[in-house]
Amino acid sequence: MCVTCGCGTGSTLIGGQALKRRHKPGEPMRYRAHDADTHVAEPAASRIIKLEQDLLAKNDGFAAANRRYLSAHGIFALNLLSSPGSGKTTLLVKTIEALNGAQPLAVIEGDQQTDHDAARIRAAGAPAIQINTGKGCHLDAQMVGQAMQQLELQDDSLLLIENVGNLVCPASFDLGEAHKVVILSVTEGEDKPLKYPDMFRAADLMLLNKCDLLPHLSFDVAQVVANARRVNPDIEIIKLSATTGEGMAEWLGWLERQAGLNALLPQAGEGRG
């Protein structure tokens with residue numbers, strides 16, 4: 001786990017500002033001066049396990065505080081996870097365009113560097129804030145809590161969190177979201193759920209993206225579905241192409257059902273392929 005490599009130590013920026021450390025996870029979103037990060041490399045195996053347990057327990061406290069805030073304000077949050085290049089940002093842009101203002105929506109973007117993805121989201125018409133993790137390989141709940149505060153989220157809205165591209169560490173970190181959604185592109189190989197079982201076990205939904213490329217690839221859809229359900233028998237699976245619009249209606253239908261939005265599809269459905 002990332003606790004062994006010291007990832008992200010002192011390098012996180014949220015909307016261009018340094019991450020501030022909060023007193024206790026149960027307190028309101030008030031932050032104090034930056035402290036040293038808790039991701040510390042340690043050679044002794046027993047000490048590593050203790051650090052991992054402490055890190056995850058602290059994160060869970062922040063996640064619980066985020067979840068209480070989101071619930072109190074009627075905000076439905078998703079944690080979107082994948083390897084780099086799966087099409088997460090394109091999916092978000094197409095989702096924003098399909099909704100066409102039918103539902104208030106904001107995005108938290110996670111990347112090690114640059115604000116390119118946040119700029120793409122804003123250009124599509126949704127407010128977005130960029131979290132740059134520096135050397136960090138994942139978002140954590142404290143970063144997301146501070147980003148939520150800066151975004152000034154609307155009540156009864158959607159919050160889509162695009163995590164750092166990584167199929168390992170983000171699986172272990174609860175951000176306070178309602179669901180984890182893993183995006184797998186057909187260019188990545190059918191064995192990814194078996195190679196990275198923690199990610200697919202943690203997810204409630206797998207979006208199989210870039211299906212428009214299937215005629216040009218030797219990719220076995222039935223096999224990847226079987227592999228995903230081997231590690232998580234309850235995982236839902238939607239096949240789509242964010243580029244062509246194939247499967248977008250099913251994705252938006254899932255979003256409507258999970259978020260409890262009654263009028264999402266009728267208002268967002270015009271012009272979808």
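The label-point distance for ASP54 and ASP191, in a model that sets each label 7 Å from Cα toward Cβ, rounds to 3.8 nm. Once the chain from THR90 to ARG68 is taken as fully extended at 0.36 nm per residue, the excess over their C-alpha distance is 5.0 nm.
Rule-based calculations on the coordinates, nothing more; no lab input. Values in this document were obtained by computation on a predicted structure and should not be read as measured data. Every residue, glycine among them, receives a Cβ derived from its backbone with ideal geometry; neighbour counts consider all protein chains shown.
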